[in-house]
Structure formats: structure tokens, C-alpha cells
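The values are calculated or read from the model by the stated rules, or taken from the named source; none is laboratory data. Treat the numbers as computed from the prediction; the structure is a model and nothing was measured. Virtual Cβ from ideal backbone geometry, glycine too; neighbours counted across all protein chains shown. Surface areas here come from the heavy atoms of the whole protein model, side chains and all, with no ligands, DNA or RNA. Shrake-Rupley method; radii C 1.70, N 1.55, O 1.52, S 1.80 Å.
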Amino acid sequence: MSMFRMQGAFIDNLPKIYGLYTGGFLVFVALMAILEQMGLGADTIGLLFVGFTIAIYALIGWLSRTMQVDAYYVAGRQVPPVFNGMATAADWMSGASFVAMAGGIYMGGHPYLAFVVGWTGGYVLVAVLMAPYLRKFGCYTVPDFIGTRYGGNLARFIAVVVLVVASFTYVTAQINATGTIAARALLIPFEVGVWFGLLGILLCSMLGGMRAVTWTQVAQYIVLIIAYLVPVIWMSNKQGFGIIPQLVYGDAVAKIIELEAVHQIGTLKPAEAVAGMSALVNPHSAAADSAMASWRFVTLVACMMLGTASLPHILMRYFTTPSVKAARSSVAWSLLFIFLLYFTAPALATFTKLQILDPALATSIIGKAISDVNALEWIQKWSNVGFLKIIDSNGDGILQINEFFMRGDIVVLATPEIAGLPYVISGLVAAGGMAAAMSTADGLLLAIANALSHDLYYKMIDPKAETRKRLIVARVLLLVIGAAGALVASLKLTGILGAVAWAFCFACSGLFFPLVLGVWWKRANRAGAIAGMAGGLIAGSWYLYMVKFAGMKPWLGLDDLRFGIVGMAVSLVAMVVVTLMTEEPDKETQAMVDEIRIPRGDTVLGSSH
Amino acid sequence: MSTDVDQRALHWERTKRLMFVHIGIWFVFSFVVHWFAPQLNGMSFMHFPLGYYMAAQGALVVFVIQLFVFVRQQDAIDHECGVAED
């Protein structure tokens with residue numbers, strides 16, 4: 001505890017502290033492996049993994065508690081770039097990245113890789129266009145920048161609205177994921193699991209705000225990356241592809257292309273539809289040769305990338321670095337840490353598919369007798385919970401590709417069992433999924449609560465509020481929003497992936513151009529920014545509603561995952577036209593823009609504004 | 001004072017130029033390459049079909065390297081124009 005009290009000493013010792021933590025976690029994994037050999041049950045191992053890691057995060061959250069404004073909002077602005085990079089990576093990689101992405105690639109093939117490209121390349125925009133300038137600005141929240149750069153409460157208020165819409169859409173999906181994993185590992189019903197997951201999330205963030213979230217996210221990154229890499233490397237070793245599978249799985253891809261012909265993947269269509277599950281019909285690596293397919297790929301990439309550069313819970317992580325230069329290099333580190341998982345996901349999808357398809361491997365099931373397949377433990381386990389189904393449509397007693405249905409989500413979670421790895425690996429993966437979903441939910445809840453407490457309450461409603469009151473309001477809001485999120489999550493309105501893609505589209509529709517042009521176009525003024533934010537959000541939401549719920553035919557193949565394209569187009573045009581029709585901003589504002597463009601000097605906003 | 005203004009103007013010119021270069025690279029590896037994925041798949045790179053490789057790994061590698069290079073370049077510009085932090 002004293003380490004956290006003396007910030008200086010703590011910051012200096014970060015590598016040692018997290019080194020010890022990583023070592024301790026590996027010892028814990030080894031201990032579990034030994035206990036498994038000694039006959040400890042699978043359920044108990046799962047429970048210990050999830051329980052132990054959550055207890056550690058909660059402990060870090062408790063040790064990081066604070067009653068100082070700049071510690072609560074921006075972690076005291078002393079997070080070193082590499083550690084901020086890890087925290088951002090955990091903040092960024094959600095249940096969707098950890099659990100759903102490899103499964104999506106497995107089922108969807110090349111079109112789905114648009115998410116892999118889109119969720120990494122956006123960081124180029126963050127580094128080049130945004131993060132260093134927002135850091136120099138010295139804001140606590142993203143609406144804080146909009147409100148000060150453009151001036152006036154209306155601009156600030158609309159920015160808060162966009163932030164809440166985007167982040168809340170996103171956070172319900174994350175609480176949903178924590179609930180799912182908690183329910184399975186702790187053997188409690190989903191509805192209870194959701195509230196349990198929320199409890200863990202709040203333990204990490206409530207007492208220490210951004211400071212607590214930062215140090216738990218670093219811890220969560222370490223758990224999630226180990227949990228993601230270990231099964232893939234293990235499996236690749238077993239299949240003889242070596243210990244850096246990401247570089248050499250080209251041959252595995254080639255093998256799958258061969259097997260696609262053998263198993264008639266894409267030719268054999270399922271005879272019936274199974275709700276929530278699908279049979280494999282898409283080719284693994286081939287890309288459809290049509291302008292429409294290419295258009296759909298690049299529009300999805302664009303929405304995800306520009307959304308990345310507009311999502312407040314990501315941008316606010318770069319407010320915590322000690323300098324502008326550190327903010328910039330921190331973006332590069334973030335992307336490196338994210339890259340480690342994202343370039344592994346397609347490899348994981350490839351190896352798992354090979355396990356199932358390749359008749360030369362003992363684990364394969366396609367082309368085997370259905371009675372034998374049904375006898376496999378993992379098949380039984382996942383069918384029992386409704387994640388997998390085998391239907392002998394042609395009645396020949398042999399499992400064909402179009403008779404094997406599953407939910408994409410299970411690819412990551414079930415891979416250790418499919419590949420016959422010990423149960424300790426499954427427990428590790430559950431802890432990793434929990435870490436991924438919790439860390440993202442933490443960042444999102446904090447982004448929402450901070451915008452409401454700082455921008456809405458302090459800046460607009462009660463500017464005279466004293467520090468203590470501000471921080472209590474911030475915590476009460478965190479609790480209320482968390483509860484609202486858990487309530488919505490327990491209704492299971494949307495799937496994880498759809499909700500995440502929508503959040504990106506909302507963010508880029510409303511915030512991308514007002515943020516970028518606020519730095520790069522001195523002429524941009526208040527009226528333009530208001531028109532850009534409101535126009536983009538309204539147009540995007542309207543299009544989403546029409547396409548998804550009102551049965552409108554999508555324009556140019558832009559479906560509900562891509563409504564950001566429509567929102568951004570309206571936002572850009574509205575902002576530029578309205579800006580040019582109204583007066584240019586005053587001298588003071590223009591001088592402020594000049595000031596944020598150079599790293600030297602004090603931040604534009606004071607340290608406790 | 002006037003040299004300070006000149007320095008700042010030069011700094012922003014060079015910063016803008018660097019921005020356009022990196023946005024250009026980003027554009028090529030985010031969009032152009034993937035538009036032609038079916039054609040690239042006819043070629044092989046490290047035993048991968050090239051179009052698949054670029055989406056699964058290649059573009060990502062470019063982004064990571066690009067950002068570390070960008071950090072160094074921007075820092076050099078800041079120092080040469082005398083506007084870097086102390």
C-alpha cells in the first residue's frame with residue numbers, strides 16, 4: 001500500500017512490480033496444472049482462475065484509491081508510455097476481440113478480416129491526427145476539448161450526448177460478456193453473473209478513477225495476452241508448426257484450401273437453419289472477386305478505423321502520459337501490444353479449423369462416424385449448453401460439413417478442449433476473456449461517468465462545486481451507469497459483435513470531424529462543430545433505424561454495421577458548410593489552436609480546471 | 001519574437017507534410033491493398049496467398065512499424081524547430 005501512496009517510488013518501480021506480478025501469475029498457472037494432475041476437478045480450476053484474478057484486480061483498485069481530481073481523471077498524468085500502451089491495449093481489446101474475433105474469422109473468412117485491419121489501423125489516425133494535440137490541450141475528457149475549443153455549453157453538451165450513446169452501446173456488450181464468463185466459471189445463472197461481473201468492474205474503478213483503472217488494466221493486459229497466446233503456441237507445436245505459429249501458418253492455410261475441396265465447403269449447404277448457430281460455408285482465405293465485395297470490405301475498415309480515432313475511452317488514455325512526446329510514443333506501444341493479439345487471431349482460427357477438418361489429425365471430426373463424434377467430451381459439453389449441434393440431414397451416419405452447426409464464439413473458448421489440451425488451459429482462457437471484457441467495461445464506464453460528472457455537472461450545472469463533492473458525484477454516476485448497463489445487458493437485446501460495431505459507427509458519425517478539424521482547421525467554429533456533431537449523429541441513427549428496423553433497402557450495400565459512412569458524410573458536409581457560412585473563430589481561439597500544435601509549453605487548460 | 005513565429009510556421013509546415021505522408025501510407029494499406037485482394041491472392045508470400053496475408057498480418061505489420069518511425073520523425077521535427085518539450 002505504501003508503494004501506491006508514494007507515487008514517485010511506485011512509478012520508478014513499475015517494471016519490477018509488474019515483473020513480479022507476471023511471475024506470480026505464471027506460478028499460479030503452474031500450481032493449477034499440478035493440482036489438475038493431482039485430480040482437482042475442472043469446475044474448481046475454472047472457479048479459482050476467475051476468482052483469483054478478480055481478487056487481484058480488486059486489490060489494485062483498492063490500493064489506488066484517491067481523492068485528488070487529477071489523479072481521479074487522468075491518473076496524475078504520470079503513466080509512462082509503455083505501461084500506458086499496455087493499459088490502452090486492455091482498454092481496447094474487449095470481449096469481442098478476445099472471444100468473438102477468431103470465431104468470426106473461422107466462420108466468415110476473408111470479409112471478416114476487415115475487423116482485424118480496421119481495429120488496428122485506426123491507431124495511425126490516433127497518433128498522427130489526435131492524441132498528441134489533445135494531450136497538449138490538457139483536457140480531462142473528450143467533451144472538455146470540444147467545449148473549450150469551440151466554446152459554449154451547447155457544443156459541450158452535444159459531445160457528451162455522442163459520447164454517452166457510443167460508449168453505452170459498447171458497455172452493455174462488455175457487461176454481457178463478463179456475465180457470460182462469470183456465469184460459466186462460477187456456476188451461477190447468467191442474470192446473477194451480470195451483476196457479479198459489474199461488481200468486479202466497479203471494484204476496479206470506483207475508488208481510484210483513472211488511476212485505479214490504469215493499473216488494473218496493465219494487470220489485465222498481462223493476463224489476457226498470456227491466455228490468448230499459450231493455447232495457439234501449444235496447438236501449433238502439437239501440429240508441428242513450431243513456436244512462432246503466426247509466421248509459418250501459411251502452409252496450414254494451404255492445407256485448408258485443399259481440404260475445402262475434399263469436404264466440399266461452400267458447395268454443401270445446410271439443409272436447415274439452426275437459430276444462433278451456423279455451419280461452415282465460407283472459404284477460409286479466398287476473397288470474392290467483385291467490386292461490391294471490395295467496397296463492403298473497405299467501408300467496414302473505414303468505419304472501424306475512424307471510429308477508433310473517435311472513441312472517448314481510448315482517446316482519454318493518452319491524457320494520462322507525462323508529456324506530448326510520451327503520448328505519441330504511447331500510441332505506437334499500444335498498437336504493438338494490440339498487434340500481438342490481432343495477428344494471432346487468424347492463426348488461431350486456422351489451426352482450430354485444421355484440427356476439425358484434417359483427417360490426418362486425431363482430433364478431426366468431419367468425415368467421421370456421427371456416433372463416434374457424439375461420444376467426444378467437448379461435443380457433449382458444448383451441445384448441452386446450446387452452443388453446438390449435429391444433425392444428420394442425409395441420414396448416412398457420417399458427419400458432413402453442412403451437418404455441423406456451432407456458434408462462432410466457442411472457437412476461442414473451446415479450442416483447448418478441441419485440441420485436447422489440459423483443462424488448466426481452458427481455465428486460463430476463461431480468466432483471459434474475463435480480463436478483456438472487464439478492462440474494456442472499466443474504461444467505458446469511466447468515460448461516461450467522467451463526461452457526466454466533469455462536463456455536465458461541474459462545467460454546466462455547478463461550477464462552484466468543491467473537489468470532494470465533484471468526486472463523490474463522479475462515483476455515484478459510475479454506480480448508476482454501471483447498474484443501468486447491467487440491467488440492459490441482462491435483457492440480451494443485441495449480440496456482442498453487432499453492438500460493438502454500432503458503437504464505432506456512432507462515435508465516428510458524431511465526433512471524428514469535429515475532433516480532427518478542431519486541431520487541423522483553424523477556421524472551424526462553434527456553429528460548424530455543432531452542425532457536424534448533431535448532423536452526423538442524427539443522420540447515422542436515422543439510417544441505422546431505417547436499415548435495421550424499418551426494412552429500408554441499404555444504399556450501396558451499406559448495412560447496419562456500416563452506418564458510420566452515412567453519418568460521417570453528413571457530419572463533414574454539415575460542418576464545413578456551416579463553418580464557412582458563419583464567422584471565423586475569435587483571435588483567442590485561434591491562438592489556442594496555435595498553442596496546441598507545438599509540444600513546448602504549458603497545457604492550454606490548467607492542471608485542476 | 002519574429003524568429004519564434006517563423007519557427008512555428010516552419011514547424012507546422014513540416015508537421016503537415018509528415019502527416020500527409022503517413023496518411024498516404026495508411027490509406028494504401030487500409031484500403032487500396034484490400035480492394036485488390038482477389039488479384040493478390042494469385043500470388044504467394046511466405047506460403048500465404050498474398051491478399052489474405054495482407055489482411056491477416058501484412059497491413060498490421062506496416063502500421064506498427066510506421067508508427068514507431070513516425071514518433072521518431074515528429075520528434076526530430078520538434079527538436080529542429082525548437083518547439084520540443086524540455
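Within region B:47-86, can you find the residues that are within 14 Å of the chain's Cα centre (by Cα) and within 7 Å of another protein chain (Cβ to nearest Cβ)? Those that are within 14 Å of the chain's Cα centre (by Cα) and within 7 Å of another protein chain (Cβ to nearest Cβ): B:A59, B:L60, B:F63, B:V64, B:Q66, B:L67, B:F68, B:F70, B:V71, B:Q74. Could you list all residues from region A:152-174 that are closer than 11 Å to A:L511 by Cβ and open to solvent by 20 Å² or more (accessible area, probe 1.4 Å)? Within region A:152-174, A:I158, A:V161, A:V165 meet the criteria.
Only one of the numbered conditions (1) on the phi > 0 side of the Ramachandran plot; (2) without any contact (Cβ under 8 Å) to a residue 40 or more places away in the chain; (3) in contact with a His (Cβ under 9 Å, 6 or more places away or on another chain) is violated by A:G367, and that is (2).
Among the residues here, A:Q246 qualifies as surrounded by fewer than 23 Cβ atoms within 10 Å (Cβ to Cβ), under 29 Å from A:G433 (Cα atoms) and touching a residue at least 12 places away in the same chain (Cβ under 8 Å). Quick check on region A:202-216. Is at least one of its residues within 14 Å of chain B (Cβ to nearest Cβ), surrounded by fewer than 24 Cβ atoms within 10 Å (Cβ to Cβ) and modelled with pLDDT under 90? Checked region A:202-216: no residue is within 14 Å of chain B (Cβ to nearest Cβ), surrounded by fewer than 24 Cβ atoms within 10 Å (Cβ to Cβ) and modelled with pLDDT under 90.
Of the set (1) facing chain A (nearest Cβ under 7 Å); (2) of a type in the set (S, T, Y); (3) open to solvent by 30 Å² or more (accessible area, probe 1.4 Å), all apply to B:S44 but (1). Residue by residue through region A:268-321, note down the ones that are assigned to a loop (DSSP other than H, G, I, E, B), of a type in the set (G, A, S) and modelled with pLDDT under 95. Those that are assigned to a loop (DSSP other than H, G, I, E, B), of a type in the set (G, A, S) and modelled with pLDDT under 95: A:A271, A:A273, A:A275, A:G276, A:A279, A:S285, A:A286, A:A287, A:A288, A:S290.
Of the residues making up region B:8-24, those that are in contact (Cβ under 8 Å) with a residue 24 or more places away in the chain and facing chain A (nearest Cβ under 9 Å) number 5. In summary, A:N237 fulfils each of the numbered conditions (1) within 23 Å of A:V99 (Cα to Cα); (2) open to solvent by 20 Å² or more (accessible area, probe 1.4 Å); (3) touching a residue at least 12 places away in the same chain (Cβ under 8 Å); (4) not in a loop (DSSP other than H, G, I, E, B) with the single exception of condition (3). Beta carbons closer than 9 Å, at least 6 apart along the sequence or on distinct chains, never pair a first residue in region A:96-125 that is farther than 21 Å from A:C508 by Cβ and at the interface with another protein chain (Cβ under 9 Å from one of its Cβ atoms) with a second that is among the charged types (D, E, K, R) and open to solvent by less than 10 Å² (accessible area, probe 1.4 Å). Please work out which residue is farthest from the chain's Cα centre (by Cα), limiting yourself to region A:536-558 and to residues that are in contact (Cβ under 8 Å) with a residue 24 or more places away in the chain and surrounded by fewer than 16 Cβ atoms within 10 Å (Cβ to Cβ). This residue is A:L556. Pairing residues of region A:251-266 that are basic (K, R) with residues that are assigned to a loop (DSSP other than H, G, I, E, B) and crowded, with 16+ Cβ neighbours inside 10 Å, at Cβ distances under 8 Å and at least 6 apart in sequence or on separate chains, gives A:K255/A:D358. For region A:61-75, a residue qualifies if it is open to solvent by 20 Å² or more (accessible area, probe 1.4 Å) and within 19 Å of A:P15 (Cα to Cα), and exactly one does: A:L63.
In region A:249-258, the residue that is nearest to the other protein chains (Cβ to nearest Cβ) out of those that are open to solvent by less than 10 Å² (accessible area, probe 1.4 Å) and either under 15 Å from A:A287 (Cα atoms) or part of a helix (DSSP H, G or I) (or both) is A:G250. Among the criteria (1) crowded, with 24+ Cβ neighbours inside 10 Å; (2) more than 23 Å from A:V232 (Cβ to Cβ); (3) in contact with a Lys or Arg (Cβ under 8 Å, 6 or more places away or on another chain), the one A:H284 does not fulfil is (2). The single condition from (1) open to solvent by 20 Å² or more (accessible area, probe 1.4 Å); (2) closer than 20 Å to A:A291 by Cβ; (3) modelled with pLDDT of 95 or more that B:Y52 fails is (1).
Tell me, yes or no, whether region A:66-78 has at least one residue that is under 30 Å from A:V253 (Cα atoms), part of a helix (DSSP H, G or I) and not polar (S, T, N, Q). Scanning region A:66-78 turns up no residue that is under 30 Å from A:V253 (Cα atoms), part of a helix (DSSP H, G or I) and not polar (S, T, N, Q).
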